[in-house]
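Engineer: Quick one: structure below, then a few questions.
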Amino acid sequence: MNLPALSENRPLRLGSLMLLYAAQGAPEGLLYIAIPAWFAAQGVPAEAIAGYVAIILLPWSFKLFNGVLMDRFTWAPMGRKRPWLILAQLLLIGSLIWFAGLTEPTEALTWFAIAGFAVNFAGAFQDVAIDGMAIDILGEDERASANGLMWGGKTLGTAGFAFLTGRLISDEGGHGVAAIATAIFVGLIMLLPLLLRERAGEKLLPWTEGQAAPVTRERQLTRWWPLIRNVFSAMAKPASLLLGAGILLAFAAYGLKTAFSPTLAVQEIGWEREVFTNRDAMADLIGGLFGIFVSGWLADRVGPMKALGAALAGMALLNGAAVFAWPDGGFYFAYLLVYSVLFVLMSVCTYAIAMGQSRGTVAATQFSIFMALLNLGTSFGASRLEMLRGGGGYEAAFAACAGLSLVAVIFYVFSVRLDGRTEPSPILRDQEMRL
């Protein structure tokens, strides 16, 4: 086929990355919003739901190993990351089909957690492959706008499938039909890596003509020791350590909020399950549109660090207000809407800053470590719900979210200052790509 390669066509490149991230967000709408709300409506305790969320989030903490594996091995004639992306999406479709075959949660909650773990295991591989591809093919001037589109696409995927799968479950189709619908969507998006090469001249499929691009051969590491040495050297820098700590804390607050939101809305405020999934999906939809049309522009305009600081300060103020006002249903709906916008801005800026600090031959692996810390923080935050509720109720959970956001700002600021740059630097330079 004579379709342009992703590296040669900006609209195709940015549009494909946005859609691939939408395919990453779709299972999250099912697993993180529709399914926990379904659990809550069936009387599953908040602590059990939080345990489910913590378990299914764990594979995202393994992204370090995914990044190392992908930087070390690939089939270069089809591109550096495209073979991994195709494999990950096949595994994602298969795990969603498995998830669809489970019985009711009151009888098999453990199996729901295990199957959700498998879905996210495949999703984490997909995510690292997309990020690695983005690092390879994006120009410096595209980074903020691309991250806005990517995160916006993911948020829209999450919102759309939270609404769709929640509706399918409520229409007596059950979680099985919802999971199959998600698998079909991922399968359709899989046509992008099947039909589009990373670089011109590569093989489209294993049996077609083509060869590895020269830049791919230059960048591909062929030995373990240089890879391991360069990864440790990059992550041992004070700027990297501080950035990792900031990411961990900021997303621990998000994980905590993700864990308590369904039970707080359904079991405490008294919303119907469908009301919660629809309102949460609406919040994600607004956040996704903000990500696509505003966040990248704003980060470019004022700088990623200033935009990030404003987002985290806003989240701290919002959670501080929620300590006193959360029982009011109108306030909590507004909380969801505002939180989604601030979270998208925080995420887009975090991605841009992390990409800027990921350089050299191990840029993709270093970036995957930052993202692993992001997801480890999310999982850790979700796992703390029982402890916080036992010590001070939902008020303590909101206060913890506010405090984590404020402390995270400090780590981010010192990280950027130690890195010596106020804006993300070029990710990959040809002279840095050789051992």
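Engineer: Run the dipole for region 258-324 about the Cα centre, Lys and Arg Cβ at +1, Asp and Glu Cβ at -1, nothing else charged, and hand back the magnitude in debye, nearest 20.
Structural biologist: Dipole size: approximately 280 debye.
Engineer: With every protein chain left in place, what is the accessible area per residue of the chain in square angstrom, probe 1.4 Å?
Structural biologist: With all protein chains present, the chain gives 37 Å² per residue.
Engineer: Right, here's the next one. Considering every Cα-Cα pair within region 29-68, what fraction, in whole percent, is farther apart than 15 Å?
Structural biologist: In whole percent, the long-distance tail amounts to 47.
Engineer: Now, a different point. Using only the alpha-carbon atoms, how far is helix 105-137 inclined from the longest principal axis of the chain? Give it as 0 to 90 degrees, nearest 10.
Structural biologist: Between the helix axis and the principal axis of the chain, the angle is about 30 degrees.
Engineer: Same structure again: Debye sum, Cα scatterers, region 1-100, no solvent: what log₁₀ I/I(0) at q = 0.24 1/Å?
Structural biologist: -1.40
Engineer: Okay, moving on. Over every pair of different alpha-carbon atoms in region 103-169, take the mean of 1/r and invert it; report that Kirkwood radius in Å.
Structural biologist: For region 103-169, inverting the mean 1/r across all distinct Cα pairs yields 14.5 Å.
Engineer: What is the set of long-range amide H partners of Arg197 at a cut-off below 5 Å, with H atoms built 1.01 Å from backbone N?
Structural biologist: Leu6
Engineer: Summing +1 for each Lys or Arg and -1 for each Asp or Glu, what net charge is found among the other residues whose Cβ lies under 15 Å from the Cβ of Ser95?
Structural biologist: Its environment carries a net charge of -2.
Engineer: With a Cα-only, solvent-free Debye model of region 269-344, what are the log10 I(q)/I(0) values at q = 0.22, 0.23 Å⁻¹?
Structural biologist: -0.99, -1.04
Engineer: Right, something else. Just list whichever of Lys81/Lys257; Lys63/Lys154; Lys154/Lys306; Lys237/Lys257 have alpha carbons separated by over 28 Å in the model shown.
Structural biologist: Listed pairs above 28 Å: Lys81/Lys257; Lys237/Lys257.
Engineer: Have a look at Ser368, Trp60, Pro327 and report the one farthest towards the positive end of the charge dipole of the chain, computed about the Cα centre with Cβ charges (Lys/Arg +1, Asp/Glu -1).
Structural biologist: The residue sitting most towards the positive pole is Ser368.
Engineer: Using helices alone, I'd like the mean residue ellipticity at 222 nm for the chain: each DSSP H run of four-plus residues gives -39500 (n - 2.57), total over residue count, nearest 500.
Structural biologist: -25000 deg cm²/dmol
Engineer: Please list, ordered by chain and number, the residues whose modelled amide H lies under 5 Å from the amide H of Glu202; skip anything fewer than 5 residues away on the same chain.
Structural biologist: Gln211
Engineer: At a 1.4 Å probe, what is the % contribution of carbon and sulfur to the accessible area of the chain?
Structural biologist: Roughly 66 percent of what the probe reaches on the chain is carbon or sulfur.
Engineer: Just to confirm a number: summing +1 for Lys and Arg and -1 for Asp and Glu over residues other than Asn120 whose beta-carbon lies under 13 angstrom from that of Asn120, what do you get?
Structural biologist: -1
Engineer: Report, in whole Å, the centroid distance computed from the Cα atoms of region 1-64 and region 181-229.
Structural biologist: 21 Å
Engineer: Note down the net charge around Gly329, summing +1 for each Lys or Arg and -1 for each Asp or Glu among other residues with Cβ under 12 Å from its Cβ.
Structural biologist: Here the charged neighbours net out to -2.
Engineer: Taking the Cα centre of the chain as origin and charging only Cβ (+1 Lys, Arg; -1 Asp, Glu), how large is the dipole, in debye to the nearest 20?
Structural biologist: 1420 debye
Engineer: Ok, one more. Dividing the convex hull volume of the alpha carbon atoms of the chain by its residue count, what do you get in Å³ per residue?
Structural biologist: 124 Å³
Engineer: Rounded to the nearest 10 degrees, what's the angle between the helix 143-168 long axis and the longest principal axis of the chain, both from Cα atoms, 0 to 90?
Structural biologist: The angle comes out near 40 degrees.
Engineer: Same structure, new question: Which one of Val266, Met387, Val177 is farthest out on the positive end of the charge dipole of the chain, using unit charges on Cβ (Lys, Arg +1; Asp, Glu -1) and the Cα centre as origin?
Structural biologist: Met387
Engineer: Can you tell me the 0 to 90 degree angle between the C-alpha axis of helix 385-419 and the longest principal axis of the chain, rounded to 10?
Structural biologist: 30 degrees
The values are calculated or read from the model by the stated rules, or taken from the named source; none is laboratory data. Fair warning: this is a prediction, and the values are worked out from it, not measured in the lab. Backbone-built Cβ (ideal geometry, glycine too); neighbour counts: all protein chains shown. Accessible surface areas use protein heavy atoms only, side chains included; no ligands, DNA or RNA. Shrake-Rupley method; radii C 1.70, N 1.55, O 1.52, S 1.80 Å.
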